[in-house]
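In what follows, a single structure is set out as structure tokens and then discussed.
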């Protein structure tokens, strides 16, 4: 599993620049799912949905400071019930005191803190950001000697390889289920020189869709304009090229690690009976539409890579089925339950993908749902993808509907086109099934207020971070978040580039979003 890796960045999804020979080989050995989506384009909710097999509202994991309930079964619980040994190596961003969620063993600490540090706060408005999200990661992009993310991902790889050796040594082992989860290519966009040198700026393509004038943006995008700090930094073409070059370098860095892990499975005679999946929790806008990071439903943010290489299934296949990360759990149970023993599985949100491994067909009834309830719009938002159509629902604001076959860049909103009236009605029915945005607003705000109360209590907060080895409590991003860790992010340290545009207060931003105040934003 990668973090913040957009499907559109990979060659198997049409990118002609990024170099990933090992992922390409894995894809040639199995099936590429061309239409896979994150169920929530932000880290904690996406991973919680994937592990539990439920959409965000059902598990009440709304933002990057919500805990998944210990009473909620995960992939690890289900696979252990089938006799599998389970382990986790790397990032899963568990919040709260339960840092295992069913895994027999956790091989590393997490790269991010486990406390209530990054709580969304809709009462604070669209410009409120709890995690230091800003365009510094873009304007400071470039090569360095070493990054903290490389420290972490090297440890994830080392522990994973060690575990594979241990599994091979144990002749009486149970079958195993493991998740290896890297933090790259998540921002900040810095990479060591070796991987930076794999690319040249002259070969990097600029975004296919440039910045869209502020007045032409939908409300969701306008709110993220402020939440991501686009009103604070001027972004040049050089910034964009440097960022993309570093991002591709980070992907190539991860690709090497995936190659070594798969090769070790083969060297230890375990590959022929091991099903291998590769996914990302969400994507990265990478400058498309002038936008960065994730937290939205545009394709670069919501569309994720999904590769499945399973012994005995067709190789070199491409499936067009509409799928999402919640489909992984029923698929993995299906694969792991070789004896077809009864398994107590509650009503999951996803479907098994086994029928789609053997041919290139797709189900016309398949759809994917993605939710988002974190920074920016401060209202419930939801995406539904079915066939070639994508609905973006922002509560209290006009619908957005796109035909991705004829309009892959999502530039023509067809929601008011009479020709699509029936399709829009169908997508809205899917969207609203067991989903009440008014009640959800009340639940989310209540959750935020509860956690903010506990976060802001005097004294030291509880220590929930998982400690795998001495020093883990200080080694990566911990209390205080990224801002408190900047001195450790890169060697040599990168001097922070201050914003070159004046700040705006909350009231001014709210008036701009409401159309009550004129503005004069420069377009990058």
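The values are calculated or read from the model by the stated rules, or taken from the named source; none is laboratory data. Just so we're clear, the structure is a prediction, and the values are computed from it rather than from any experiment. Quick reminder, even Gly has a Cβ in these numbers, built from the backbone with ideal geometry, and neighbours come from all protein chains shown.
Side notes on the structure shown:
- For region 276-286, the condition of being assigned to a helix (DSSP H, G or I) and in contact with a helix residue (DSSP H, G or I) (Cβ under 8 Å, 6 or more places away or on another chain) holds for none of the residues.
- Matching option when the condition is crowded, with 20+ Cβ neighbours inside 10 Å, within 30 Å of residue 493 (Cα to Cα) and modelled with pLDDT of 95 or more, among 241, 206: 241
- The selection criterion, being out of contact with any helix residue (DSSP H, G or I) (no Cβ under 7 Å at 6 or more places or on another chain), touching a residue at least 60 places away in the same chain (Cβ under 8 Å) and either closer than 27 Å to residue 211 by Cβ or surrounded by 15 or more Cβ atoms within 10 Å (Cβ to Cβ) (or both), holds for residue 452.
- Criterion: under 23 Å from residue 349 (Cα atoms), surrounded by fewer than 22 Cβ atoms within 10 Å (Cβ to Cβ) and in contact with a helix residue (DSSP H, G or I) (Cβ under 7 Å, 6 or more places away or on another chain) - qualifying residue of 60, 7, 48: 60
- Checklist (1) surrounded by fewer than 21 Cβ atoms within 10 Å (Cβ to Cβ); (2) closer than 24 Å to residue 369 by Cα; (3) without any contact (Cβ under 8 Å) to a residue 60 or more places away in the chain applied to residue 102, failing item: (2)
- In this entry, residue 123 passes the filter for residues that are within 29 Å of residue 504 (Cα to Cα) and more than 21 Å from the chain's Cα centre (by Cα).
- Neighbours by Cβ (under 9 Å, 6+ apart or cross-chain): first from region 17-31, free of Cβ contacts under 8 Å to residues at least 60 places away in the same chain; second in a helix (DSSP H, G or I): 24/11; 24/12; 24/255
- On inspection, residue 271 qualifies as surrounded by fewer than 21 Cβ atoms within 10 Å (Cβ to Cβ), free of Cβ contacts under 8 Å to residues at least 60 places away in the same chain and either out of contact with any helix residue (DSSP H, G or I) (no Cβ under 7 Å at 6 or more places or on another chain) or within 17 Å of residue 23 (Cβ to Cβ) (or both).
- So residue 486, is it more than 27 Å from the chain's Cα centre (by Cα), under 30 Å from residue 291 (Cα atoms) and at pLDDT below 95: no
- Checked against (1) under 25 Å from residue 61 (Cα atoms); (2) surrounded by 20 or more Cβ atoms within 10 Å (Cβ to Cβ), residue 137 meets all criteria but (1).
- Screening residue 70 with (1) surrounded by fewer than 20 Cβ atoms within 10 Å (Cβ to Cβ); (2) under 30 Å from residue 172 (Cβ atoms) gives one miss only, at (2).
- Selection status of residue 426, within 19 Å of residue 62 (Cβ to Cβ) and either surrounded by fewer than 11 Cβ atoms within 10 Å (Cβ to Cβ) or modelled with pLDDT of 95 or more (or both): no
- Qualifying residue in region 320-331 (condition: over 25 Å from the mean Cα position of the chain (by Cα) and at pLDDT below 95): no
- Filtering region 401-414 to residues that are crowded, with 16+ Cβ neighbours inside 10 Å and within 26 Å of residue 349 (Cβ to Cβ) leaves 401, 402, 403, 404, 410.
One line per residue, one yes/no per condition, for (1) under 17 Å from residue 265 (Cα atoms); (2) modelled with pLDDT of 95 or more:
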{"position": "101", "(1), (2)": "no, yes"}
{"position": "111", "(1), (2)": "no, yes"}
{"position": "127", "(1), (2)": "no, no"}
{"position": "134", "(1), (2)": "no, no"}
{"position": "140", "(1), (2)": "no, no"}
{"position": "153", "(1), (2)": "no, yes"}
{"position": "170", "(1), (2)": "yes, no"}
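- Inside region 336-377, residues that are assigned to a loop (DSSP other than H, G, I, E, B) and surrounded by fewer than 24 Cβ atoms within 10 Å (Cβ to Cβ) make up a count of 26.
- Here the helices (runs of 4 or more DSSP H) wholly within region 409-524 that include at least 1 residues being in contact with a strand residue (DSSP E or B) (Cβ under 6 Å, 6 or more places away or on another chain) are 421-432.
- Scanning region 498-524 for residues that are modelled with pLDDT of 85 or more and surrounded by 14 or more Cβ atoms within 10 Å (Cβ to Cβ) yields 499, 504, 508, 509, 510, 511, 512, 513.
- Only a single item in (1) more than 24 Å from residue 327 (Cα to Cα); (2) out of contact with any helix residue (DSSP H, G or I) (no Cβ under 6 Å at 6 or more places or on another chain) is not met by residue 262, and it is number (1).
- Residues (over 26 Å from residue 271 (Cα atoms), surrounded by fewer than 24 Cβ atoms within 10 Å (Cβ to Cβ) and in contact with a strand residue (DSSP E or B) (Cβ under 8 Å, 6 or more places away or on another chain)) located in region 10-45: 35
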